[in-house]
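Colleague: Have a look at this one before I ask anything.
Just so it is clear, none of the values below were taken in a lab; they were calculated from the coordinates. Bear in mind that the values here come from a model prediction, so they are computed numbers and not experimental data. Note that we place each Cβ from the backbone using ideal geometry, even for glycine, and neighbour counts take in every protein chain shown.
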């Protein structure tokens, strides 16, 4: 193997690794210090299933809060509507498919692929997600919510 070919292979591997490290996050030079106004989008082709809830009352004085995990299936060309995470911490894991996030703290869309995760929380944190493909995407989302939000998850007959 020639020295030029070895150098090219090593450089390609380094660049591929660097690109992978950025996958699913806002590029450093596109992160905004002040949140921007983003489009208001309605829900399109999204199903939500609550998988589990844990009542946190009595644990470290957190009050009447719950840890909730849901599975969201975003249909082809579907949209998870614009929402905020000012006071609702969440972690989303992309189980399958591909999504594009439009965030108030990033000046460009963020592509998320299966196997990636992203935290969502903080003042001014708002976003919406779109499925740009013709196949469903599936995510799990774990968040901390109040009783009112848990009640919204209940089937109408249970309320």
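Colleague: Report the extension gain between residue 96 and residue 152 in nm, rounded to one decimal, defined as 0.36 nm multiplied by the number of residues separating them, less their alpha carbon distance.
Modeller: Values: separation 56, 0.36 × 56 = 20.16 nm, distance 2.59 nm.
Difference between extended and current length: 17.6 nm.
Colleague: Evaluate E = 1/(1 + (r/R0)^6) for residue 69 and residue 29, where r is the Cβ-Cβ distance and R0 equals 41 Å; express this FRET efficiency to the nearest 0.05. Before the final figure, lay out each step's value.
Modeller: Numbers: r = 34 Å, r/R0 = 0.82.
With R0 = 41 Å, the Cβ-Cβ based efficiency is 0.75.
Colleague: Take each of the peptides 84-94, 33-43, average the number of other beta-carbon atoms within 10 Å over its residues, and list them starting from the highest.
Modeller: Output ranking for 84-94, 33-43: 84-94, 33-43.
Colleague: Let me ask something else. Write down the radius of gyration of the stretch 30-158 and its Dmax, each obtained from C-alpha positions, in Å.
Modeller: Answer for the stretch 30-158, Rg first and Dmax second: 15.1, 46 Å.
Colleague: So if each residue of separation counts as 0.36 nm, and I subtract the Cα-Cα distance between residue 62 and residue 113, what length gain in nm does that give? Could the numbers behind the result be given before it?
Modeller: Values: separation 51, 0.36 × 51 = 18.36 nm, distance 3.32 nm.
Between residue 62 and residue 113, full extension yields 15.0 nm more.
Colleague: How much length, in nm to one decimal, is gained on full extension between residue 121 and residue 51, taken as 0.36 nm per residue of separation minus their Cα-Cα distance?
Modeller: 23.1 nm
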